[in-house]
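Below: the structure, in structure tokens.
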Amino acid sequence: MQKLVYIALGTVLMTVSCNKQITSTKEVDAKDSQTFADLDKAKIKHLSLDIETDFKTHQIKGSAAYTFTNNKAKELILDTEKLTIDSVLLANGQKTTFHLGEKDSIKGQALVIDVSPKDTIVKVFYKTSPDANALQWLDPQQTHDKKQPFLLTQGQAILTRSWIPIQDTPSIRVTYDAKVKTPKDLMVLMSAINPKEKSADGIYTFKMPQAIAPYLIALAVGDVQYQPIDNRTGVYAEPGLLKAAAWEFADMGKMVTAAEKLYGKYPWEQFDVLVLPPSFPFGGMENPRLTFATPTAIVGDRSMTNLIAHELAHSWSGNLVTNSTWDDFWVNEGFTVYFERRIMEELEGKDYADMISVIGFQDLETSMRNIPEKYTSLKVDMKGANPDDAFSDVPYDKGYLFLKMLEDKYGREKFDAFLNKYFSSHAFQTITTEKFVDYLKENLTNGDDSFVKEWIYTTGWPKDFKKPTSKLFDLAEAQLKQDITNGRNKVAPKKVAISTKSTNEWVHFIRQIDPSKNTKEDLAYLDSIYDFTNSKNPEIECAWFEKAFLMQYDKVNANAKDFMVNVGRRKFLEPLYLALKETNQLDLAKDIYKSARPNYHFVARQTIDTMINYKP
Ligand SMILES: [Zn+2]
């Protein structure tokens, strides 16, 4: 998953503190505390869905059949959340008894199905709740073209159980097939072999021949069309967005080839991207064969395509070799960030990779300051907690720094050979942190494990990390300094278009504006040169509007309101509403929010409701 939350930084990067505390160096129990399932007794191997989407009641209804291995089990235990279970059948068509366990505020409810030790197939008839956590039912107004409704699922981390009764743990892998019925004007897509055109009758069938963790089972329904990029990559989007999306992501084919050159053959045959409506609250999600992506990555200069590289990298780290439990989440994300930057270095060169490394490091510094200390180690213990509570930049960018340290220490060539072998020898398997450490000691570090305590189990900053730097960002900072000096010396501003630098450089340039040192006049001068207020690039808009709010440069207010009403990506909304709140402009925040709120997804609503104390 692309990082969800971004809290913009001030000007000065803080000197890093060395706050350390050993949590544990012992092997932590590899059993996933987030599931009710007893995998030693019964483990699902294949899922067969037959469902219908009801856009009127916001419900999915139908059946899920399971093939499972049975080790003298008398019960098959599945995870559910807010599901209504109508009946359960055995392979012979006979009904069997079942019950739902006590409700747990994080895990939901166990569905306990009575089986005999001979049973290996059951079928559950069920329906979802209109407020199922995994499901996002968008009104036409919340889409790009504003003509048809849209439905999408988000399974990670433990949300799949709210739309399919399942053993909802990355400790298992399933293949699946599905039949989905939907209103005729809409296309159905899944993390499976997908159609290229709408069906005449609204009925679609799917096959996912490769085994995946249940959090990667995904569904999207909407008025979308397909445009191929080459024979194994392409883009799905609403008709009004398709052309721009296909142009922006035109290098996807090259990206897959670059990734294969690094770490082996792409294991999922097809790599397509589904561009979601602007109210999608996240950046991207690596659903196999069909990455879900925000339309805000379409900035018109192909400079934010590292988001796609990130989701592509997950085809190896995460989807092919999967964290056993959410305590090992860094094994998914740290490797993916490292791999993403290597792909971008291949495609765009080292300067580009350096820029995104610096941005990642800035995000990590923010996380390290703001999240509970116990979640600042790579391996965490989330027993009794919701995986979302531990979510931060730590598994991403501290994980990256760890792998970068290994690369520097053992040399790129050796490290690449190690990673290649790691992916191929663990393909379609799950892995714990402890198993990875053993593999690392055997295959790269010659038994040396001095890094383990320091990097994996200790909170805070390790002592031997290397802080990333960027030549292009240094130039952007010098440029800002020069411009501010010119403005103050009344040098006449020379209007220029801002196309000569990439999005990342401009975002960095704007982020360096310091509300405690710079003035509204400085902003006006910069605006007269670069016209940031009228930018149509979401990354630049967000960075600029945030500074403008903090410094009460009112010229942006109308455009900022338009932006905040139309875009629902939480990474952009959070810093903007926060800036208004911190500068006592809650009236303006609430005025914007009143118009914007109907366009936001409920996770974004929840965040902003709380932040600005809004009562609908
Ligand atoms: Zn990710």
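The values are calculated or read from the model by the stated rules, or taken from the named source; none is laboratory data. In this text, all values refer to a predicted model and were calculated from it rather than measured experimentally. Neighbour counts run over all protein chains shown; Cβ positions are idealised from the backbone, glycine included. For accessibility, only protein heavy atoms count, side chains too; no ligands or nucleic acids. Shrake-Rupley method; radii C 1.70, N 1.55, O 1.52, S 1.80 Å.
Odds and ends about this structure:
- Over region 124-229, the reciprocal of the mean inverse Cα-Cα separation, the Kirkwood hydrodynamic radius, stands at 14.7 Å.
- Nearest-20 debye value, the chain charge dipole, Cβ charges on Lys, Arg, Asp, Glu: 420
- Reducing region 379-424 and region 537-612 to their Cα centroids gives an inter-centroid distance of 33 Å.
- Residues I529 and F125, FRET efficiency given R0 of 51 Å [Cβ-Cβ distance, rounded to 0.05]: 0.20
- With 0.36 nm allotted per residue and the present C-alpha distance subtracted, the K520-N613 stretch has 30.7 nm of extension available.
- Carbon-plus-sulfur accessible fraction, region 224-309 (probe radius 1.4 Å, protein heavy atoms only): 53%.
- Under 5 Å from the amide H of M187 lie the amide H atoms of G222, D223, V224, each residue being 5 or more positions distant or on a separate chain, with H modelled from the backbone and absent for Pro and chain starts.
- Theoretical FRET efficiency, 1/(1+(r/R0)^6), r = Cβ-Cβ of T485 and D301, R0 35 Å, to 0.05: 0.80
- For region 316-457, the fraction of 1.4 Å probe accessible surface lying on carbon and sulfur atoms is 46 percent.
- In this structure, the amide hydrogen of K45, modeled 1.01 Å from its nitrogen in the peptide plane, lies closer than 5 angstrom to those of T67, F68, T69, counting only residues at least 5 positions away or on a different chain.
- Overall form of region 491-616 per C-alpha gyration tensor (a/c, 1.5; a/b vs b/c): prolate
- Dividing the convex hull volume of the alpha-carbon atoms in the chain by its residue count gives 149 Å³ per residue.
- Here F428 and D40 are evaluated by their C-beta separation; at R0 = 22 Å the FRET efficiency comes out at 0.60.
- Coupling constants for region 514-519 follow from the phi torsions by the Karplus curve (6.51 cos²θ - 1.76 cosθ + 1.60, θ = phi - 60°), and in residue order they are 10, x, 7, 10, 8, 10 Hz; glycine and proline get x.
- Accessible-area ranking of H144, H310, largest first, probe 1.4 Å: H144, H310
- Spacing of the modelled spin labels on T67 and D139, each 7 Å from Cα toward Cβ, amounts to 4.4 nm.
- Positive-pole candidate from G240, T485, Y422, dipole of the chain, charges at beta carbon: G240
- Unsatisfied cross-links (Cα-Cα over 27 Å) in the set K254/K501; K409/K571; K61/K107; K379/K404: K409/K571
- Inter-probe distance in nm under a simple model that places probes 7 Å from Cα toward Cβ, at I498 and K146: 2.5
- Protection proxy ranking, peptides 241-250, 564-573, 590-599, 516-525, average beta carbon neighbours within 10 Å, highest first: 564-573, 241-250, 590-599, 516-525
- Of all aspartates and glutamates in the structure, those lying under 13 Å Cα to Cα from K72, and not within fewer than 8 positions of it along the same chain, are D38, D40, D114, D119.
- Normalised contact order of the chain, rounded percent, pairs of Cα under 8 Å and 6 or more residues apart: 14
- Cα gyration tensor, region 9-221 - rounded (a/c under 1.5), prolate or oblate: oblate
- Each peptide among 217-229, 261-273 gets the average number of other Cβ atoms lying within 10 Å of its residues, and from highest to lowest they stand as 217-229, 261-273.
- Each peptide in 395-408, 82-95 receives the mean, over its residues, of other Cβ atoms within 10 Å, and ordering these scores from highest gives 395-408, 82-95.
- Solvent-accessible area per residue for the chain (1.4 angstrom probe, square angstrom): 39
- Prolate/oblate/rounded label for region 182-272 (Cα gyration tensor, a/c 1.5): oblate
- Note on K207 and E373: the model spin-label points, each 7 Å out from Cα along the C-beta direction, lie 5.5 nm apart.
- The length gained on full extension between K594 and D562, counted as 0.36 nm times the residue separation minus their Cα-Cα distance, comes to 10.3 nm.
- Taking the centroid of alpha carbons for each part, region 53-113 and region 244-285 are 34 Å apart.
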